[in-house]
Each structure stands twice: as structure tokens, then as C-alpha cells.
Amino acid sequence: MKRFLPDAFTLCLLTTVLLASILPAKGEYAVAVGYITQAAIALLFFMHGAKLSRQAIVEGSSQWRLHLVVMLSTFALFPVLGLALRAWAPLPLPDTLYSGFVYLCILPATVQSAIAFTSIAGGNVAAAVCSASASSLIGIFISPLLAGTLMKVQGSADAGHVEQVLKVMEQLLLPFVLGHLSRPWTASWIEKHRKWIGKTDQSSILLVVYSAFSEAVLQGLWHKVGVVALLEILVLCLALLAVVLVVNTQVARRLGFNRADEITLVFCGSKKSLANGIPMANILFPAASVGLLILPLMLFHQVQIMVCAYLARRYREKALVPVSA
């Protein structure tokens, strides 16, 4: 049963949403939370950059065909599915939630979980590190541009949404680059305190979630979304992930990828990053709409972990079965 239960971080996310629903930040307290949130986001991406090993990038960079297909899955297949879902609107959900699915689909892949599941399943770990890291970095540029093209974002459309990209670069890319440049002095310390740094990353995300949902609750979030709507979002998340997993598996086999590379494509090409998505939404969209927009992302986060954990074990079990069996 453990594979179907939410992990500790998901429980913390749910607790944070509950806290924001009962005690939303408002007034001067909301202003203080906003400043702390910006600092937490900067720290989060500084640590992302500091954890990125150049050696891992070099080791995996030769698999260009695999990386190209992963990027196409992340930044082409997913957005097409998101737009199709919004146009079709199969369930009676608010337009903002369907926009939330489009936003979910334009985000980069996760790093930690994509690599972890690839390793568990017996995939090409070096290529997974390179693909997931590149996706996270490229997403800082591509995701705001896709948001500006496919969605309504803050700022001037006449400027080609350059303002949004510059904001994202300033608040996300700059700390990331500084963190990576700090590796000669911080790499050993980060490796030694990796578990504590993971807690810091999660705390930063929880703070951004609290800030976003506080504003959304004050704008009447739970009058717009009930239990039935949450279940409908969950069904759509499952359907979206299933389509991507099937497509990626078939593409890997038709292109002649070996088993290890197929696993890497399946797990790196099907993930969406909560760590990148929530801070970026905080920059790109009006505060009043962020809470509703990130609901699909939060549910997809849990769905992808549970489904991919099961798939990773299945890949591992098949690898351990003797050929004669």
C-alpha cells in the first residue's frame, strides 16, 4: 500500500494549503511573506546551480539524439496536449484551471526525481543527469516565452514578453549561475549536507505555496473549486501522464533506443518540475490567480511520483527476470 500513499513532502504541501486556507497572509504580514518568499526562491535556485556537477554534464552530453527527444517531449508534446485539453475541455472546470494545465505542460522536467527513477529502473543515469539538468536550465528561457505565447501573462505583449523573461532570468537564472560558479568553494560542503539542503529546497517551495494560496483564498479560491473539481483535475492529470508515457515508450522503440535509453526518455520526458513551476508562476501571473493555476501542477506532481515509482520497480523486476523465464 505504501506505493499509493502520498510522500512526506506531499503531506507538507497539503498542510501548507490548509494553513493558507485557515490563516491566509494579509496586510503587512503578506508583504513580509512576499519579501521572504523572494529570498527563498533565490536560495532555492542558488542551491540548484551549486548541486549541478560539470562532470555529470560532460558524461551525458554525447547522447544528443536522446536529449533531443526528451526536449521535444517536454517542450513540444506536452504543450500540444495542454492546448488540446484546454480547447476540448472535457470536464466542467473553470477556464483558469484549464489554463493551469497549459502552464503545467510548458514547464521543464524535474531533476532529482527523474534521475532517481532512472537509476532505480536501471536506465542511463549519466544521460538522465544531463537531460534533466538541461531541461531545468533551458526551461528558464523557454517556459516564460511559451507562457507569453500561449497564455495571458503580466506585462506588455508588444515587447515580445521580454519583460517576463528578464524577470525570470533575474530571479531564477542569476542565482542559479552564481550557485554553479560557487562550486569550487561549496561543492564539498553541499555534498556533506545534501540531506539538509534538500529540506531547505522543500521549505522554499512550501513558502511560495503558502504565499500563493493565501492570496487565492482571499480571492475566494474554495468557492470556485470543490472536491468534485479536485477529483476531475486528478483524472485529467492521470490521462495526461498516461498519454505521454505511452508516446515516449513507442518513440524510444521506433527509434531503436536500447533499454537504458528508453528508460531515460520515459522518466525524463514525462516529469514536470514543481520546484521551477511554482516560483515561475509567482513571477509570471497576477497574485490572485496563481493559487488556482498551480492546482493542476500540484496534483500532477503527486501523480507522476506514484506512477513512475511503480514503473521504475516494474522495469527493475523485468531486468532481474532470467531470459529463460
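The values are calculated or read from the model by the stated rules, or taken from the named source; none is laboratory data. Since we're looking at a predicted model, the values are computed, not measured. Neighbour counts run over all protein chains shown; Cβ positions are idealised from the backbone, glycine included. Ligands, DNA and RNA are excluded from the accessible area calculation, which covers all protein heavy atoms including side chains. Shrake-Rupley method; radii C 1.70, N 1.55, O 1.52, S 1.80 Å.
Scanning segment 245-299 for residues that are farther than 16 Å from residue 124 by Cβ and among the basic types (Lys, Arg) gives 254, 272.
Is it the case, given these coordinates, that residue 290 is more than 17 Å from residue 111 (Cα to Cα), surrounded by 21 or more Cβ atoms within 10 Å (Cβ to Cβ) and at pLDDT below 85? Yes: the conditions hold for residue 290.
When each of 200, 186 is tested for being assigned to a helix (DSSP H, G or I), modelled with pLDDT of 80 or more and polar (S, T, N, Q), the lone residue that passes is 186. When segment 105-121 is filtered for residues that are within 23 Å of residue 310 (Cβ to Cβ), open to solvent by less than 30 Å² (accessible area, probe 1.4 Å) and assigned to a loop (DSSP other than H, G, I, E, B), the ones remaining, listed by number, are 107, 109, 110. In this structure, does residue 50 turn out to be at pLDDT below 85, of a type in the set (A, V, I, L, M, F, W, C), closer than 24 Å to residue 176 by Cα and open to solvent by less than 30 Å² (accessible area, probe 1.4 Å)? Yes, satisfied.
Return yes or no: is residue 231 in a helix (DSSP H, G or I) and surrounded by fewer than 18 Cβ atoms within 10 Å (Cβ to Cβ)? Yes; evaluated as a whole, the condition is true for this residue.
For residue 281, the conditions (1) closer than 14 Å to residue 210 by Cα; (2) open to solvent by 10 Å² or more (accessible area, probe 1.4 Å); (3) not charged (D, E, K, R) all hold with the exception of (2). Scanning segment 217-228 for residues that are at pLDDT 75 or above, of a type outside the set (Val, Ile, Thr) and in a helix (DSSP H, G or I) gives a single hit, 218. Whether a residue is at positive phi, open to solvent by less than 50 Å² (accessible area, probe 1.4 Å), over 15 Å from the mean Cα position of the chain (by Cα) and modelled with pLDDT of 85 or more was assessed, and residue 160 does not pass this test.
May I ask you to verify whether residue 102 is part of a helix (DSSP H, G or I), at pLDDT below 85 and closer than 21 Å to residue 295 by Cβ?
no
Scanning segment 80-99 for residues that are open to solvent by less than 40 Å² (accessible area, probe 1.4 Å) and in a loop (DSSP other than H, G, I, E, B) yields a total of 1. The number of residues in segment 265-278 being open to solvent by less than 10 Å² (accessible area, probe 1.4 Å) and part of a helix (DSSP H, G or I) comes to 8.
Residues in segment 302-324 that are at pLDDT 85 or above, open to solvent by 10 Å² or more (accessible area, probe 1.4 Å) and under 30 Å from residue 222 (Cα atoms): 1 in all.
Checking 97, 93 one by one, the residue that is in contact with an Asp or Glu (Cβ under 8 Å, 6 or more places away or on another chain) and of a type in the set (A, V, I, L, M) is 93 and no other. Can you confirm whether segment 7-22 contains a residue that is at pLDDT 80 or above, of a type in the set (Gly, Ala, Ser) and either surrounded by fewer than 21 Cβ atoms within 10 Å (Cβ to Cβ) or on the phi < 0 side of the Ramachandran plot (or both)? Yes, some residue in segment 7-22 is at pLDDT 80 or above, of a type in the set (Gly, Ala, Ser) and either surrounded by fewer than 21 Cβ atoms within 10 Å (Cβ to Cβ) or on the phi < 0 side of the Ramachandran plot (or both).
Residue-wise test of (1) within 22 Å of the chain's Cα centre (by Cα); (2) of a type outside the set (Phe, Trp, Tyr); (3) surrounded by fewer than 21 Cβ atoms within 10 Å (Cβ to Cβ); (4) in a loop (DSSP other than H, G, I, E, B).
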| site | (1), (2), (3), (4) |
| --- | --- |
| 178 | yes, yes, yes, no |
| 208 | yes, yes, no, no |
| 211 | yes, yes, no, no |
| 215 | yes, yes, no, no |
| 235 | yes, yes, yes, no |
| 246 | yes, yes, yes, no |
| 253 | no, yes, yes, no |
| 263 | yes, yes, no, no |
